[in-house]
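Comments concern the structure below.
The values are calculated or read from the model by the stated rules, or taken from the named source; none is laboratory data. The shown structure was predicted, so the numbers you read here are calculated from the model rather than taken from an experiment. Heads up, the Cβs are rebuilt from the backbone with ideal geometry, glycines too, and the neighbour counts pull from every protein chain shown. Accessible surface is based on the protein model in full, side chains and every heavy atom, while ligands, DNA and RNA are left aside. Shrake-Rupley method; radii C 1.70, N 1.55, O 1.52, S 1.80 Å.
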Amino acid sequence: MFTRLLYYGTVHLNRTEDQVWLMPLGQLLDLWTCHKQFLGLEKPKREWTIDDIVP
């Protein structure tokens, strides 16, 4: 699993290997999810508008 995350971080997210190893796991997974949404491979679980946040 860590080999795959290291690959995602270095190749797809354009981070150095040291940056990927020092990055918290949750942040790495969040960045990977954002990258997949950007590419259109995954849809957001919920789309928010400003009206949802500030009534």
Rounded to whole Å², per residue accessible area for the stretch 11-55 with a 1.4 Å probe reads 91
If you bin every alpha carbon distance in the chain into 10 Å steps from zero, what whole percent lands in each bin?
-> 22, 42, 23, 11, 1
Helix-only [θ] at 222 nm, the chain, -39500 (n - 2.57) per DSSP H run of 4+, per residue, nearest 500, equals -15000 deg cm²/dmol
Relative contact order of the chain (C-alpha contacts under 8 Å, at least 6 apart) in percent is 23
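Of the listed peptides 35-41, 5-11, 47-53, what is their order by residue-averaged count of other C-beta atoms within 10 Å, with the highest listed first?
Per-residue mean Cβ counts within 10 Å order the peptides as 5-11, 35-41, 47-53.
Share of the chain's accessible area from carbon and sulfur, percent, 1.4 Å?
Details: 2840 of 4880 Å².
Here carbon and sulfur together make up 58 percent of the probe-accessible area.
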